[in-house]
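Participant: There's a structure below that I have some questions on.
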Amino acid sequence: MRAKPIAAVVLVLVLFAGAGVLWIRHQRAASPRVQARPVRCEACGAEYIPRSGAPDEPCPKCGSTKHVIVLWYRCRDCGREYVGSEQQPNNGPFRKPGGDWVPADQFDPTMVCPKCGSERASSILGPDARTERHGR
């Protein structure tokens, strides 16, 4: 006779645990996930991914808040990962490495692989940690 109340308590606990898991999953799905882009400090040249995603996060190396967003690409033909362009924060102008800043509406988004010359590239968040980091 005593087994029925214990089974009922266990069942209630399992139901509450399940409801808790569902609530946590719902909260995670409802909150937007911001994937921060790599940035390069204009003062010291350090490249890092802001942990907070905030555009004014200071450089971990020198403390400066002046940086550019670094836009990485992977060549679909040879697999090379490279910096194709940079952008100033807050939807500012773009430039290709070594080039001048150009307003977004005048920027040519065509990327050319520095290794094989292909124009077939995919945007990526940053260099793959498993591969050697390529120079610009």
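Participant: Do you know which of the residues in segment 93-119 that are exposed (fewer than 13 other Cβ atoms within 10 Å of the Cβ) and within 22 Å of the chain's Cα centre (by Cα) is nearest to residue 45 (Cα to Cα)?
Facilitator: This residue is 97.
Every residue, every condition in (1) of a type in the set (Ser, Thr, Tyr); (2) within 22 Å of residue 48 (Cβ to Cβ); (3) at pLDDT 90 or above, yes or no:
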residue	(1), (2), (3)
79	no, no, yes
84	no, yes, yes
102	no, no, yes
111	no, no, yes
127	no, yes, no
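Participant: Identify all residues within segment 40-55 that are small (Gly, Ala, Ser) and at pLDDT below 80; write none if there are none. Let's see the steps before the verdict.
Facilitator: Of segment 40-55, the ones small (Gly, Ala, Ser) are 43, 45-46, 52-54.
Within segment 40-55, 52, 53, 54 meet the criteria.
Participant: Go through segment 90-122 and count every residue that is on the phi < 0 side of the Ramachandran plot and part of a loop (DSSP other than H, G, I, E, B).
Facilitator: Final tally of qualifying residues: 21.
Participant: So, residue 64, is that one among the small types (Gly, Ala, Ser), touching a Pro at 6+ places or on another chain (Cβ under 7 Å) and in a loop (DSSP other than H, G, I, E, B) or not?
Facilitator: Yes; evaluated as a whole, the condition is true for this residue.
Participant: Could you pull out the residue among 25, 37 that is surrounded by 10 or more Cβ atoms within 10 Å (Cβ to Cβ), in contact with a Leu (Cβ under 8 Å, 6 or more places away or on another chain) and either assigned by TED's automatic domain parsing to the domain that holds residue 82 or at pLDDT 75 or above (or both)?
Facilitator: Among 25, 37, only 37 is surrounded by 10 or more Cβ atoms within 10 Å (Cβ to Cβ), in contact with a Leu (Cβ under 8 Å, 6 or more places away or on another chain) and either assigned by TED's automatic domain parsing to the domain that holds residue 82 or at pLDDT 75 or above (or both).
The values are calculated or read from the model by the stated rules, or taken from the named source; none is laboratory data. No experiment lies behind these values; they were computed from the predicted model shown. Glycine also receives a Cβ, built like all others from the backbone with ideal geometry; neighbour counts cover every protein chain displayed.
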